[in-house]
1. Can you tell which of 144, 87, 16 shows the greatest fluctuation in a Gaussian network model of the chain with Cα springs below 10 Å?
2. Which of 225, 184, 296 moves the most in a Gaussian network model of the chain with Cα springs under 10 Å?
3. Given the peptides 241-250, 19-28, arrange them by the average over their residues of other C-beta atoms within 10 Å, most packed first.
4. How high is the FRET efficiency from residue 303 to residue 20, r the C-beta distance, R0 45 Å, rounded to 0.05?
5. Calculate, in nm to one decimal, what residue 280 and residue 264 gain on full extension: separation in residues at 0.36 nm each, minus their alpha carbon distance.
6. Taking a point 7 angstrom from the Cα of residue 191 along the C-beta vector, which residues in region 294-329 have backbone N less than 14 Å away?
7. Between residue 80 and residue 238, take the C-beta separation as r, use R0 = 35 Å, and let me know the FRET efficiency to the nearest 0.05.
8. Once R0 is set to 22 Å, what does the formula 1/(1 + (r/R0)^6) return for the Cβ-Cβ distance between residue 164 and residue 92, expressed as a FRET efficiency to the nearest 0.05?
């Protein structure tokens, strides 16, 4: 019995020593990260910071945290923020946001409230903190400010491909999405649509120019070079749009490739795109004539099933240019 007690006490002492060393190492590394950001001109401040959770957790907790990137002008303010991990699995962390936080951009300030907003990150071992997989979930998100918006549920996921460290599978599901009222009023002019979109869904595999790791924050974001879009779907009332694509993206963010598009009640979508300023009225008129013929040939004048081409910074339907193509660049 005495020997067993000695073994237990020795094991407890060893584990305690491990925890305190790990906590000190984590605290020092995070403090150095904040100091390095300040040296680069960031605002990186907090009123309080500590690592707690003995004996089985390593929980880094900040009070009144403020981060601002001078390169983008984007700032984040949170009254409390926590990054939690099991002490025996420090490369798997869970970040928990407060019920209220604020995002500031050069254009506006956006207070955000939520019922539950958290992220799970699993990192590869090593100093670069390369991302293996991540997931973010949020419930009852409400974005205030000049363009208020809201959603019932958000789920984002990202996982690294087993055979290529630069390739990641991305997934998104958003339900009960209420877009900004100004945009909604413009898009829905003359249409009877509900206040909220039923669903937004995305499934894509993207190859970047480098893996996602700590340099994405410290230096520059990885940029997409190939996009395999298996599915992007938006459903809003009687409108439904579904897209698939295979695109090569150059260093300027311009894509080249084909986009398969299926649209229900597509004429209303064209009207909404023009009203929102996303499509030129003259191009929309020409597109409506061409698309109307194609829809009738398909047997249902209200449903489209077409292929668009992206090249030279433009979107083409056959030889007809429909407007500028999106630029795929992360800032």
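1. It is 16.
2. 296
3. Working: 241-250: 16.9, 19-28: 14.6.
Going from most to least packed, we get 241-250, 19-28.
4. On the way: r = 65 Å, r/R0 = 1.44.
Efficiency, rounded to the nearest 0.05: 0.10.
5. Working: separation 16, 0.36 × 16 = 5.76 nm, distance 2.08 nm.
So the extension gain works out to 3.7 nm.
6. Answer for this model: 302-304.
7. Details: r = 43 Å, r/R0 = 1.23.
Once rounded, the FRET efficiency stands at 0.20.
8. Details: r = 22 Å, r/R0 = 1.00.
Efficiency for this residue pair is about 0.50.
FYI, it's all coordinate maths here, none of it is from the lab. The model shown is predicted, which means the values in this text are computed figures rather than measured ones. All Cβ positions, even for glycine, are placed from backbone atoms using ideal geometry, and neighbour counts span all protein chains on display.
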